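A short write-up of the structure that comes next.
No lab work stands behind these numbers, since they all come straight from the coordinates. Computed from a prediction, not measured in an experiment: that's the story for all the values here. Positions of Cβ are generated from backbone atoms using ideal geometry, with glycine treated the same way; all protein chains shown enter the neighbour counts.
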Amino acid sequence: MKLLNHLDAFITEETRLFGEILLSRSPVSNHFLATHRKDGDCHHDMLERLTTVQEVRDLAKFDEHGEYRPLKTAPSLKSGWLIEESDIESFYLKIDAIYPAGFAGTVKYLEKAVDPVPLRRTLDRQTGMYQFAKNITDTQANQIMRDTCAKGCLRKIAWPLDEQCAVSHLPEPGRKIPIICLEACTFAVSEARRLAREAYDKANALS
């Protein structure tokens, strides 16, 4: 499987950062290892070993305070755990349980196998109560990218504002493997609706 080959090639004895996860390979056993970035200096015996995909999914559901995490790429993943696998496929399935389709999206982006969707195109598709979202200004769009996306999500935005804007070309992965955002998510769309509706109500209140 090509995707597994990519993951295998990325992970060496040198630690890589993927979201909030440290990925590495044991120089002794050659096993694949994953821990939270906060636990990079912890001895592995001090960490809870996650041995099934379901255990990993359960971990990713809640933050350190027991609050539900509706956005899996929010910077709030719980620490104190270890994933260790000798098999790359088993390792991939556990990583994917933390960031669903995250690594696959990154590989597709790096291979230029998928085109990022401009924000305006995403907003123009909205109907019903979300149709207000398409009315945001460019200033409001930049505000969403800055305050909603950059602060609340680990993904790196690859989509442009509109069809006329150049598509971002993120650098090749080094020590950090980015999680690529190829299209604005429902959280960004909801914020666009809120800002557009707020501006509409304010304008009509003054008229």
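Residues Y68, Y109, Y130, Y200, arranged from fewest to most other Cβ atoms within 10 angstrom of their Cβ, appear as Y68, Y200, Y130, Y109.
Among beta bridges from DSSP that stay inside the chain, the antiparallel ones total about 70%.
Using the Cα gyration tensor of segment 115-206, with a ≥ b ≥ c the square roots of its eigenvalues, what is the shape: rounded (a/c below 1.5), prolate (a/b larger than b/c) or oblate (neither)? Prolate is the answer for segment 115-206, as a/c is 1.5 or above and a/b outweighs b/c.
As a rough footprinting exposure proxy, the listed residues H31, H6, H169 were ranked by other beta carbons within 10 Å of their own, and the order from fewest upward is H169, H31, H6. Residue by residue, segment 169-180 carries 3J(HN,Hα) couplings of 10, 6, x, 4, x, x, 5, 9, 9, x, 9, 8 Hz when phi is fed to the Karplus relation 6.51 cos²θ - 1.76 cosθ + 1.60 (θ = phi - 60°); x denotes Gly or Pro. Output the 0 to 90 degree angle, nearest 10, between the alpha-carbon long axis of helix 186-206 and the longest principal axis computed from the alpha carbons of the chain. Rounded to the nearest ten degrees, it is 20. Sorting S24, S29 by the number of Cβ atoms found within 10 Å of their own Cβ, with the fewest placed first, yields S29, S24.
Return the loop-located trypsin sites (Lys or Arg not before Pro) in segment 109-140 (DSSP other than H, G, I, E, B) with at most 10 other Cβ atoms within 10 Å of their own Cβ; answer none if there are none.
Numbers: sites: K112, R120, R121, R125, K134; in loops: K112, R125.
In loop regions of segment 109-140 (DSSP not H, G, I, E or B), the sparsely surrounded trypsin sites (Lys or Arg not before Pro) are K112.
Applying both filters, DSSP loop and at most 11 other Cβ atoms within 10 Å, to the GluC sites (Glu not before Pro) of segment 67-144 gives E67, E111. The angle separating the long axis of helix 88-98 from the principal Cα axis of greatest extent in the chain is about 40 degrees. Give me the percent of Cα-Cα pairs in segment 2-100 that sit more than 19 Å apart, rounded to a whole number. Result: 37 percent of Cα pairs exceed 19 Å.
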